[in-house]
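Report on one structure; see the data block that follows.
Values quoted throughout were computed directly from the atomic coordinates according to the rules given, and no laboratory measurement underlies them. Fair warning: this is a prediction, and the values are worked out from it, not measured in the lab. With ideal geometry, Cβ positions are generated from the backbone for all residues, glycine too; neighbour counts draw on all protein chains shown.
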Amino acid sequence: GWGLSLTTDDLAKFAQLLLQHGQWNGQQILPTDYLAEATVKQADNSMNEEPDWKQGYGYQFWISRHGYRGDGASGQLAVILEDQELCIAVTSCLSNMQNLLNVFWDELIPYLKSEPLPEEPEAYRELQEYIADLKIQPQAGRVTGKPVNACFRFQENPAGIRQCDVSFGENCCSLSFLTSHGPEQLRAGFGHFEYSVLQLTDTRPHRVAAYAVWLNSSELEIYSFICDGIYRDIWTINFSDPEEPLKNRTVCGCFRPTKPRLQAIPAQ
């Protein structure tokens, strides 16, 4: 079945609602008897290999080694730890979710205290400032390539993408696509994000954030993150490869409606 599409903040509120047994501001939003059944083992999944995928399955909730969780593909988690009066919300793009849960069990739970800690206003202020400044930083390139404007044509593909022009500006680059539904442009910054609206292989346009990095003097890689989804596209342009100069791949695209792997050849 399908689940919820939430921001990280809203997912945290949903997790808090579960931790409070379905109550919010004194109002019972979810029935307590339903949650009591939904969050305990109703089906056996001991045949799975990973330890947090073999503890049992409730009604749309996985039982974990500690507590239970709502679990979405590629690392969307609402983890509920009733014994510790704690909930954790995660939005991510991961291929191994067990590793993330291991971090919680190994690095967080052992350090939780049953008694309140003494107040430290200065430390709390520093923590709030640190949290407010958190952001995803673009990868920094170790080399500087030689910008070359180029044009590539795609082989016939289900997405109807015909051509891509690569161009460079001040501290940024662009991939300009010619598609069956019109022109589109993906902008990427060097050391910073550039934002575009792109459809390409998807069924509707998405806002994307992208940055570019040189792998070597003639090979460029562009990372394009879907702002309202979990997946990202990686475009690799090798200006010295006459056979396969431009190709792409998708990370965490298991639920993407269409995801053809695109390859291009230099335009004649």
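What pairs in LYS41/LYS113; LYS13/LYS135; LYS13/LYS54 have C-alpha atoms more than 25 Å from each other?
Numbers: LYS41/LYS113 28 Å; LYS13/LYS135 21 Å; LYS13/LYS54 27 Å.
Too far apart for the 25 Å limit: LYS41/LYS113; LYS13/LYS54.
Here each label is just a point 7 Å from Cα along the line to Cβ, and for ASP33 and ARG207 those points are 4.4 nm apart.
Pick out, in residue order, every one of the GluC sites (Glu not before Pro) in the range 140-189 that is DSSP loop and has at most 16 other C-beta atoms within 10 Å; say none if there are none. Let's see the in-between values first.
On the way: sites: GLU156, GLU170, GLU184; in loops: GLU156, GLU170.
Answer by residue number: GLU156, GLU170.
Within the shell defined by Cβ-Cβ distances under 15 Å, the residues around ASN171 carry a net charge of -1, with Lys and Arg each +1 and Asp and Glu each -1.
Compute and list, largest first, the equivalent-ellipsoid semi-axes of the range 150-266 from the alpha carbon gyration tensor, each √(5λ) rounded to a whole angstrom. It would help to have the intermediate numbers written out before the result.
Values: eigenvalues 77, 61, 35 Å².
Largest first, the range 150-266 gives 20, 17, 13 Å.
Counting neighbouring beta carbons within 10 Å and listing from fewest to most, the residues ARG204, ARG69 come out as ARG204, ARG69. For the chain, the Kirkwood hydrodynamic radius from C-alpha pairs, put into Stokes-Einstein at 4 °C and a viscosity of 1.567 mPa s, yields a diffusion coefficient of 60 µm² per second.
Along its principal axes, the range 148-216 has C-alpha extents of 32, 25, 18 angstrom, given from the largest down.
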